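Quick notes on the structure that follows.
What follows is calculated from the coordinates using simple rules that are stated; it is not laboratory data. Keep in mind it's a predicted model, so treat the numbers as computed, not measured. As a convention, Cβ positions derive from the backbone with ideal geometry for all residues, glycine included, and neighbour counts pool all protein chains shown.
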Amino acid sequence: MSDIPYAADSGYSDPDTLGAIPPVVAATYCAHCGRSANKAGHSACTQALATTPPTYCTTCRRELAVTSEGQQWTATCKKHGESSGSVAA
Ligand SMILES: [Zn+2]
Ligand SMILES: [Zn+2]
């Protein structure tokens, strides 16, 4: 565990490689279970996310601080900031 920037970090860009080579495929995690989003088996998670706010940051897998008001939710990652959305009634 470290806070050294890496290619998947949205706040980090290397001017030498920017536009020259395709960006490294972003490391993404399931917002519901926190496992790699590239692995199969998230159909239940996708369904759950329609009715519940996310639990994990999809970029760094930190647990999100979620507040919700009615169907609107706001989730805050310590590193990547705030995201918001709404759930199905
Ligand atoms: Zn999942
Ligand atoms: Zn994050």
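A compact table of results
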item: Semi-axis lengths (Å, descending) of the ellipsoid that matches the C-alpha gyration tensor of the range 26-89; result: 18, 16, 7
item: Amide hydrogen neighbours beyond the local backbone of residue 64, cut-off 5 Å, H modeled; result: 56, 57
item: Cβ-defined net charge surrounding residue 29, 9 Å radius [Lys, Arg +1; Asp, Glu -1]; result: +2
item: Separation of the residue 43 and residue 78 label points, Cα + 7 Å toward Cβ, nm; result: 3.6 nm
item: Peptides 63-69, 48-54 ordered by average Cβ neighbours within 10 Å, highest first; result: 48-54, 63-69
